[in-house]
Every structure is written in C-alpha cells, then in structure tokens.
Amino acid sequence: MTSSSPARSRAQLIRQLRAISGLYLLAYVTMHLLNLSLGLISIDAMDAARPYLSGVWTGPVTGNLLLLMLLIHYVLGLWATYCRPSLTGTSQDLVQALSGLFVIPLLAIHAVGVSMLKLSGVVVDYETLNRLFWLTNPGIGLVQVMLISVVWVHGCAGFFIALRARPGMVNVLPWLYPIAVAVPVIALLGYTQAGRIVLAEGLEPVYEQVPNLDGTLPDVVPYARIQQITFGVLWGSVALAALVLLARALRSWLARPGQVDIETLGIGRITVQTGQSMLDAFRAENQSHASLCSGRGRCGTCAVRVLSSDVDLPPISPLEQATLDRTTAEPGIRLACQLPLHQSGTIEVAPLFPPDYTFEHGTEGAIERPIKASA
Amino acid sequence: MRLGLLAIGALVASLIAGSMAAQEAPAPTPAPSANDLHEFTRLLADPRIQKWIADQANTAEVVDRSQPPDLREDLVRAVDETRGRLVELAAAWRALPQIGKVFADRWRAALSPPQQLRGLTFVMIFLFVGAGLEWLYRQYTNPLKLRVELNPVTTVRQRVTAGALRALITVGGLAIFALGSIGAFAAFSWPPMLETLVLNLLVVIFTVRAIRTLLVLFLAPNVQELRLLPFGNRLARHLSLTVLGLTGLYVLSASLSDIYARLTMQSVHALAFSVALATVCLVASYAVLFYSFRRVAAMNGQTMTRRARLWRVDLLVVLTLAYLALVLDRPALMWTIVLLGLLVPGLVLLRDWVDGAFDRAKAEAMALEPADDSIPDDAETDADLSEYGDDLPQSPPQHPYESYRPLAQRIVRFISIFAVGIALALIWDLRLFERAAAPTFSGRLVRVLIDSAVALLIADLIWVWARSAIDRRMDAYVPPEPGTAPGPEARMATLLPLLRVTLMVTLLAMVTMSILSSMGVNIAPILAGAGVVGIAIGFGAQSLVKDVVSGIFFLIDDAFRVGEYVEIDQLRGTVERISIRSLQLRHHRGAIHTLPYGELRHLTNHSRDWVIMKLEFRVPFDTDLKLVKKLVKKVGEQLKANEFYGDGIIQTLKSQGVRRMEEFNMVVAVKFMTKPGEQWLVRRDAYMLVRDAFEANGIRMAERNVKVEVANVEDMTPEERAAVAGAAQQAAEAQAGPPKPIPDEP
C-alpha cells in the first residue's frame, strides 16, 4: 500500500528532517544540562567536565553541524507552526508552539555571546559565565533560566508527542518521564548552587584572551559587534515569529465564513465554525476525542469513519494517506486532525477509537477495527 | 442563590490569605555571644537589679489580681482606638500620593536591582522544579483522570465518587507542586527580605491553584457529568472564572499589602497602600456582583427575581460593612460581619443545594427503577415544596431517600452553625473552653449555653431523623379495605406512634436533665425521686406494665392482626381492635372479649396463609369407591370454578379414600385447602354438592339402622313382637348416647 508519490516523500522528508534535527538538538541540550548539574558539586567540576559534555558539540565541525541543525529545525518549525490547523487545541500544543517561538530570542544572547567570545580567543568557562550571570549581570542570568525552561519544555513536548504516536513506545514512556524531569531540575539546582558559590565569593568575571599560536595577542574583543549581532538575531526572530502568527491570524480570519454541523454517532451533534480541523472542533466543544499525537496526523487514533457528508471533503493529503496506510486500510476513513472544515454543511462521522484510547489498550480498545501494529 | 457561592469562595480565599499572613516565619536570631552571657550574669547578681525585678514582680501580681476590665472601659478603649485609627487614616490619605515613591525607595534600599533579578531567577527555578514534578505526576495519573472524566455517571454516589477522585488527583498534583517549589526554596537559606518576597509569591500561586481545585470539584466547568451543583455549562464556567478572579485578587492584595508593610516597617504609607488595595478589592467585588447577577439572570433568560435582588443587597451590605471594619482595623469585627452576613444566605443556599441533590438523586434512582405512574406529580410537588422549606406538610414520600432529606438538611445546618460558632469564638479569641472552666458568672453562662446548644442540637437531629423515619412508615401504611385481611405492616400503625411518643418524652427528659445539670441544678434528687416514683408505680401498675410490654412483643412477633380469626384458650373471635394494653375479639355471635396481653399465654391464629378442612361421609359397605372418587373430583372442579370463592381455593376438594371402617358403614374422607376465612363457605357448598352427586348416582348415605335378630319370630304373638321391637329401640338409643353439642363455628 505504500505508494511513494513525490509529494508524499517530500512531506515525509520534511517531517523526518524536523524530527532528526530536533533529536540532535535535544541530545545536545541534555548533555549541556548534565554539565550544568555538576554545579551541585562545584564550579571546578563543571569546568572539568566541559570538554566532554559540552565541548564535543561545539568543536569546529560539530559546532557548524549544530548551527545547521538549529537552522533546519527553526525554519521547518516556523513552517509547521504556520501550517498547523490550530495551535490552541490542547495546552500542550500551545506550549510547544509558543516555546518554539521563544527559543531563538532567548537563545540569542547566550549563543551569540559565547560563540563570538570564543572566536575572539576569550576563554569562556563556567567560572566566568557563572560570575557574569549571577553577579555582574543577573538579568542575563534570568534569561538563561528562562531559556533552559523553554528549551526543555519545547524539546520534551516534541519528543513525547512523537513517541506517544508510536505503539511500540508504550512501555518505554513511563521510564523516560522521570528522566525528562530530573535532567532540567538537577541542572537548575546545580546552576543555583553555582550561583550561591559565586555570590559568596563575590568576584567579578575576568575575560582573558588566549594568545594566538604565533604568540601575538588577538584583536580586542568586539563587544559592540557582539551586541549588534545579538540584537539582530533577537529582533529578527521576534519579527519572524510575529510574522508567522500574523499570517496564521490572517488565514483564519479569511476562512471563517460558515458553520458546520457535525453529528457524531452515539455522542451528539455540535455546530462549529469553519476554518478549523474537525479535531479542533471537537475540542472547542469539549467533546472528548482520542488523539495521542495531539493532532499531528501521526498516530491515527483520531480517525473517524465519514458516514455521510454534504460538503466536499478536501482530498487526503500525502501525510494523512501515509498514516492511514499504516493504521487502517479501509476507504471512507479520515483523520479528524487532518480534516479541515472549509464549507458549511453537515457531516456525519463515527469515531474509530474511544476517547481515552492509548496504545496500552492494545487492540481491544478500538471501537470498530483494531489498529494495525506498525513495524 | 448562585452568587452566594461566589461570596463563600471569597470568604475561603480571604481565610486562606489571613492564615497565610499568620504563617510568616520570624527571621532567625543569632545566638548570644559569650560576652553577652557574662554581662547578663553579672547584672543578675547585682542587688539593685534584683530588688527592682522583685518590685516589678510584686506589682505585676497586684495587676494580675485586679478585676478584668469591665464593659465601660472596653468601650472607652474601643472608641479611643477608633479615633486614633481615624487620625491615622487621615494621615494615610495625605500620604497616598507618595506610596509608589516610598515603595520604590524602600525597595531599592532593601534590594538592589541585581538582587531583584536574582530573586526573580530563584522564583523561576523553583516554579520550574515544582511544575516539572507536577508534570511527572500527571503523566502517570492522567490516564486515570481521563477515565474518571469519560466514564458515564448515572447516580449521585458515582458522581460524588468520581468528582472526589478527580479532585484528589488534582490535589495530589498541587501538593507535589508545593513540595517541589516551596521545598526547593526551603532547602536553601535566604536573606529575610528575599525570603518574604519569594515565599509570598509562591504562596499566592499555590493558594490560587488550591481555590481552582475546589472550584473544579464543585463546578467542574468542563465536565458536566461530574458537576456537583446543578448548573449549566455556561453558568458553571462563568461562576468559576469570576470566583477565581475575585479570590485571586483578594489573595494577591493580601500578599502585596503584607510585603509592603514588611518593606516599609508598618508606616503610614503601608496603611495607605493596604487601604487602597482594599478599596480596589471592594470596587472589583461591587462590579463583579452587579455584573454577575445581571449575567446569570440573562443566562436564565429572565429578569432578576425579588429574591436575587435581596441577595444582592445583602451581599453588598456585608461587603461594605466588612470593608469599613477592615479599614477601621477591627479584623475580628470584620470576620464577624462576613460570617454572620453569609450565614443566612449560606444556609438558604445549602438547603436548596441539599434539596436539589435529593431531587436529582431521586430522579436518578427512579429512572433506574421501573417507572411508576405517581412519580411525575410527586416530583412536581416536591419541587414546589422545596421553595418553602421542610416545615410544611409534605406529600406522602415515595422514595426511601425522602426520609433522609430533613435529616440531611438538619445535619448541614448543624455543621454550618457549629462551624461559624467555632470560627467566631476563635476570631474573638474567646478561649471558650477556658472561659467555660472559669468559676465566674460569665464562665458559667458560657458553659450553660454551650451545653444546652449541643444537647438541643443533638436531640433535634435524633428527633428529626426518628420522626421522619416513623412518619414515612406511617404514611406508607394504607388501612385495609373493609373485608380484606390486613398486611403485616398493620401492627406498625399501633407500635410506631407509641415509639414516637416514648422517644419524644425520653429526649425531652434527657435534654431537660442535661440543661438542668449544666445550670448547676443537682439532678441526682430528681433522678432518685423519679426512680422511687418509678418503682412505686411499677409495683402498683405491675400488671399494666406487664400488659404493655408483652403487648409490644406480641406485636413484634406479628402474632395477630386486626381482622384475623384467633383462638385464645376458650375464646374465639375476630380481632377487632388492638390497643397498647389489650386486644378485643368479636365473637361471631356478636360478643366482644377484651383480653389484656398479660393474660395471653398462647394464641392460635386461624387466619394465616391457608386452612385445611376435612369432611367425612358415611356410606354403606357396598358403595362403589371408584365412583365416589370420581364424583368427588367432579365436585372439586365445580367448587374451583365458583365465581365467588373459586380464587380462594388453594387445593380443591379431593377424595382421601376410606378413612376407617365402622360398625355399620365406611367413612370416606375428603379434604380441601383454602385461604383463611373461605373455608366455611366452601364446606357448605361441598357438603351440598357431594350429597347431590351421591344421590344422583345412587349412593346413599349410611343411616343408622339396628338390625335385631330375634329367634323364633314366627312363633311370637304380635304383642310379643311389639315388646321386642321396643326393647331393641331402647337398646340402640342407649348405645348412641345423648346428642353431642354442636361445634362452635361461625
């Protein structure tokens, strides 16, 4: 059943790229946070572990790879944020989208500052940074805490949504949750402890430049330039985020002229606005509906059987088709999360899965037809 | 009615805020140095210091022994304090424009900008820790919560269980959040100012979330099936939003004014700031009250009722008075106003709520049971009555829940009044129980009041419960139609009124005794006197008591009912009247026997379940027994088919064959089984029909005939023959004996 049209392969490629880059970034952040958590021991321990935990990611090659992954993930994420039918379906969706948009503005100071300082030959170690963040400029320190929270929340949201959509991951998830909480909590506590040490010492940070290989001192640190680039990245990303949100608002403002009646078999009839997906319509009316991947079209649990419809349903998108092929091969089945309501009329559907369906139910929970075990 | 909830929420919030303010821990004091201690011992050894301390102690004792300040002094002091407060308020009013500036100055002095930022950083970290732990908790509890929310609930019990479980899960998350955030905070030591600030912020967040959990428990804005209160979706959402907003504002104001007061060391500016915040709260509450009442009325699609207007006025007045008391620095007075002002509407609200819960529970229980014709109008009358209260005569209750309705209302009322009383006592710092133990007049009075109130309330609870239970059974009793047998519940009509009177007298006696005893009246002589009188009366009325007691047990045994035919020793008759001491039997010939229960040793009841009657026929030896059997069977069918008593026959007439042989005939027995009371009629017809059938088939009944064999009868003269016949007649009659009395049957 896996017909590989170019459209589908492109869509899947985009999704896989986003997932891979996200995973790469998450792995980097995890290591970085582990490094931070050594602050519970001492600042020296943080610096001792730095080459192994953080340094390997920011070498000459790996640093560029990291930047590339970040760019890929950012651009694709912006595109996905624009494309998604609704951002406010669940609180989790909203948190993921907003945290994604906030990452780059929060990251700007840290990333640009540290990498530019390194480029100009300044030794940037944890001692310097902790003194800067806690003593000299606590505002930047506050931004770092926000950054950690936001990045981690964003990474975990994407990671767990992707895992929940896979039936094979059911037994792994309960073991991952504690790790997902422990890593940032310990890192933040380590950061706090490091801060308390720094505050007790009360020493200002020293930016000492390492001499070049030929013994000459490098140029003076271009602080003005660092600031300029930082502000450029910050406001540029803010503008991009605003642009995406604005484009979404415009799109949804243009497309809400009518009302659709959705009659769900055995549950009831709701009347909703056009311009949202069917899953979002269910959510807006507080009608519980299964959706493990929170409306990404991955898990196939929001599938409905369209019994009758007097509107022209849009054709099945390649991604939707891929998921349908994987889970259920019958005609007349659509994914509610990928089914935009764009015309007034009446649709009659029957859900395939009970609202509290999880993959732990195995095959017995499905109302009509069990989901095919995916490889 | 609904806005009362809102007010109660506000009350809860402010209570929490108050307790929160009280929880602030004092800054740790460093231990005295060795030098200080040496200095102190030196000072203590100084005789002048010792003399001074002794003098102070003596005068302190004198002051202690003096009378507590009387009412007039209290009043004078209160007036003075109020006057002072007004002066302070005037100063605060003048200081109002500077509060921002003063705060900024102090703020900067207490915390430098880096410190502020660091404080904020810490708050962020702790919130993240708390939130992370709660997220972890939720990952494991979410499936359960989802199942609870999605499971269909049909009965009240299920709804309460599901709602409570859901709230429990949320509270668990909240506790973990608090543990994570406040616990992580407490793990480090902080400068006092920062500690106050961070802790206040954390507590505000925690409190608002706790209020939200409570609201979700009662209002369940998103899940209609789990809602404990009978509101629609929109109303529930609106109410929970407004209550949350308002209470959040209260909590935040309390916290802010606390921070300000700590920062500026209780200055005039702090007063101005808190009064300004209180004013903001007051105005916001006014706005919410007006808006919500209008909105709720609009949601119901009608204009505001008179009741709603009264409610609004009441709440407005309470709010205003509470605000004034707060501004005048009379917190105890403020709480009293709030509590008393909310007590009456709260009681009405609770009564409506209990009524609503019972109506719903009944409707749900009825929906589960097979429907009854009488339900709809019954439900209507109940709904009408609930508007007026439980003192009106109610329609006959149809459902077991009904007997608990007044009880539930009493309990709810009892608990509310009790809680308000305790709260008031705590607020005024009355130390009720200490004061009650004091041997002063007021102490005595307090104790008497407490004792009497508790005794009365408990007696009232028991009485209401018993009365409603008894009344329900009495109402369920339908007197039997004339001519039909009464059911087993008939005896209850005799016993229950007695029980009720006994209970009432007992309760009254106990309450009176306990009140008298708490007033200091020695009740031992009364009890002893009652005991003596009781013994005397007991001896005098021994048989009366015996009658009554044994009567109760006869009734509990269900030995007889009105209308039953019973036999006691030699007396028979239909039970006509059952009183508490005796029963009256109507003999079928009209005589009435009155029998005290104490006289009854044993009693035979002829009217229970079934009666077997056996009839005998004497037939000659040459009778065809098979024919007899066939005929009896036919007669049995005829009897069974009879339109008047056919239904009363349980086993119809059947032949039992020859029972015994007698000198001159056989005895053929037949028997039948009927319901009690039908047997006489059936017997009459059975005799008649069997005789007719026998006659039609040539079977005659055996008659007593004496065959006298006389030898040489041919040789006798007619005179001799006549003499022999006469002698034989005499002999036969002598053998038969005198006629027996006719059995005594109706």
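Here, each number is a calculation from the coordinates, and none is a lab measurement. Worth saying up front: this structure is predicted, and the values here are computed from it rather than measured. Quick reminder, even Gly has a Cβ in these numbers, built from the backbone with ideal geometry, and neighbours come from all protein chains shown.
Annotations
- Per residue of the protein assembly as shown, the DSSP helices (runs of n ≥ 4 H) give a summed -39500 (n - 2.57) that works out to -22000 deg cm²/dmol at 222 nm.
- B:Arg659 long-range amide H proximity, modeled H, under 5 Å: B:Val667, B:Val668, B:Ala669
- Order of A:Lys118, B:Lys707, B:Lys675 under a 10 Å beta carbon neighbour criterion, fewest first: B:Lys707, A:Lys118, B:Lys675
- Its relative contact order, with pairs defined as Cα atoms under 8 Å and 6+ residues apart, puts chain A at 19 percent.
- Table column - 3J(HN,Hα) (Hz), the range A:99-106, Karplus curve with 6.51, -1.76, 1.60, x for Gly and Pro: 5, x, 5, 7, 4, 5, x, 6
- The charge dipole of the range B:546-671, taken about its Cα centre with unit charges on the Cβ atoms of Lys, Arg (+1), Asp and Glu (-1) only, comes to about 320 debye.
- Angle in degrees between helix A:43-53 and the longest Cα principal axis of chain A, rounded to the nearest 10: 60 degrees
- For A:Ser277, residues with placed amide H under 5 Å, excluding near neighbours: A:Leu341
- Taking other residues whose beta carbon is less than 14 angstrom from the beta carbon of B:Gly130, and scoring Lys, Arg as +1 and Asp, Glu as -1, yields +1.
- Amide H to amide H distances under 5 Å link B:Ile523 with no residue, where only residues 5 or more positions off or on other chains count and H is placed in the peptide plane.
- Dipole magnitude for chain A: computed about the Cα centre from +1 point charges on Lys and Arg Cβ and -1 point charges on Asp and Glu Cβ, it is near 640 debye.
- Counting other Cβ atoms within 10 Å as a rough exposure proxy, the listed residues B:Lys626, B:Lys362, B:Lys640 run B:Lys626, B:Lys640, B:Lys362 from fewest neighbours to most.
- Taking Cβ atoms as reference points and 12 Å as the exclusive limit, the residues near B:Leu498 contribute a net charge of +3, counting Lys and Arg as +1 and Asp and Glu as -1.
- Beta bridges by DSSP in the protein assembly as shown, antiparallel share as percent, to the nearest 5: 90 percent
- Fraction of beta bridges assigned by DSSP in chain A that are antiparallel (%, nearest 5): 75 percent
- Cα gyration tensor shape of the range A:66-149, rounded if a/c is under 1.5, else prolate or oblate by comparing a/b with b/c: oblate
- In sequence order, the range A:334-349 has phi-based couplings of 10, 8, 4, 6, 10, 10, x, 9, 10, 9, 6, x, 10, 10, 10, 10 Hz under the Karplus curve 6.51 cos²θ - 1.76 cosθ + 1.60, θ = phi - 60°, and Gly or Pro positions carry x.
- Note: relative contact order over the range A:1-149, using C-alpha pairs below 8 Å and six or more positions apart, is 21 percent.
- From least to most packed, judged by other beta carbons within 10 angstrom and beginning with the fewest, B:Tyr597, A:Tyr191 follow the order B:Tyr597, A:Tyr191.
- Under a model in which nothing but the beta-carbon of Lys, Arg (+1) and Asp, Glu (-1) is charged, the protein assembly as shown shows a dipole of about 2340 debye around its Cα centre.
- ³J(HN,Hα), Karplus 6.51/-1.76/1.60, whole Hz, each residue of the range A:171-180, x for Gly, Pro: 7, 8, 3, x, 7, 7, 4, x, 5, 4
- Listed residue pairs exceeding 25 Å between alpha carbons, taken from B:Lys626/B:Lys671; B:Lys546/B:Lys675; B:Lys145/B:Lys362: B:Lys546/B:Lys675; B:Lys145/B:Lys362
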